[in-house]
Amino acid sequence: MKIVIPELKNPTIQEAIKNFPEVEFLPADSLEQATEILNNGEADSILSGLDYSSRDVLVAMKDHLPLKSTYFSSSFICQKGDKIYALADGGVNKLPTKEQLYVIVEDTAKTYLAYTGNQPKIAMLSYSTNGSGGKNPDLEKIHFVIDQIRTHYPDWLIDGEMQLDAAIIPEISNKKFPDSMIKGDANILITPDLNSGNLLYKAMERFGGFTIAGPMIQGFSYPLADLSRGSTAADVTLTLKTLIKQIERNS
């Protein structure tokens, strides 16, 4: 297994890769060279972003790597002890259409499955829980996605719209959304836009004490990951664990 990292000499990267003696890590002089290495079959994945902006990373991937989904998106794996959530989209899509939101849910559930092997329990997050916020075009998008996911992936559990507390706390779910399929036990959190997704993942990291993998870049023909420029060695380690699981799943 080979992963190309343009920032391979970065001390944070060097600390993290010590945990993976079985993986060969390749340098690259630029993001563009990293994509060339990947397209030439000389590596299985790219990890970058510690010294590059997310915009630079995403533009290089979009311009040089093939897509397998209709759209590309991002998700985060958020882990604290045995508690693991996938969260999307906090890195790519500013105001997703209903079609984009569907692909975000589909690819995020697959990212979560590759890392954990557990049944996806997807909460479509909102300011509203089960109609309490009235009618709104944003809520119509959510219900479109729920109907489509239930049709195409009947083994996945998905529900919404719902507030965060109803998604992750059974007692509150029972009070606010007693008929919910996930009953306050969501493991995948889908936010309605980039603002809320980005704020939520950083709050989970900085206030909640979660280690964060990613953003994992979804929708391309290869497993890919960006990094926040504030990522710690623990974040990089978790990101590499997630990438490796995806590479193994694709092989």
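The values are calculated or read from the model by the stated rules, or taken from the named source; none is laboratory data. Quick caveat: nothing in here was measured; it's all calculated off a predicted structure. Neighbour counts run over all protein chains shown; Cβ positions are idealised from the backbone, glycine included.
Worth pointing out:
- Residue 195 meets the conditions (1) in a helix (DSSP H, G or I); (2) surrounded by 16 or more Cβ atoms within 10 Å (Cβ to Cβ) in every case but one. The failed one is (2).
- Among (1) crowded, with 19+ Cβ neighbours inside 10 Å; (2) of a type in the set (A, V, I, L, M, F, W, C); (3) under 23 Å from residue 203 (Cα atoms) - the single one residue 172 does not satisfy: (1)
- Residue pairs whose Cβ atoms lie under 6 Å apart, sitting 6 or more positions apart in sequence or on different chains, and linking a residue in segment 1-12 that is touching a residue at least 60 places away in the same chain (Cβ under 8 Å) and in the same structural domain as residue 236 (by TED's automatic domain parsing) to a partner that is among the hydrophobic types (A, V, I, L, M, F, W, C) and in a strand (DSSP E or B), are 3/25; 3/47.
- Filter pass, residue 60 being outside the structural domain of residue 205 (by TED's automatic domain parsing), in contact with an Asp or Glu (Cβ under 9 Å, 6 or more places away or on another chain), within 22 Å of residue 247 (Cα to Cα) and surrounded by 15 or more Cβ atoms within 10 Å (Cβ to Cβ): yes
- Matching residues in segment 229-250 - criterion: being free of Cβ contacts under 8 Å to residues at least 60 places away in the same chain and not in a helix (DSSP H, G or I): 230
- Residue-level check: of (1) small (Gly, Ala, Ser); (2) touching a helix residue (DSSP H, G or I) at 6+ places or on another chain (Cβ under 7 Å); (3) within 23 Å of residue 60 (Cβ to Cβ), residue 221 misses just (2).
- Among the residues making up segment 59-89, a single one is aliphatic (A, V, I, L, M) and part of a loop (DSSP other than H, G, I, E, B): 65.
- In segment 222-245, residue nearest to the chain's Cα centre (by Cα) [restricted to those that are polar (S, T, N, Q) and modelled with pLDDT under 95]: 228
- Extreme residue, farthest from the chain's Cα centre (by Cα), among residues of segment 74-123 that are among the aliphatic types (A, V, I, L, M) and surrounded by fewer than 24 Cβ atoms within 10 Å (Cβ to Cβ): 95
- Of the set (1) within 13 Å of residue 198 (Cα to Cα); (2) in a helix (DSSP H, G or I), all apply to residue 56 but (1).
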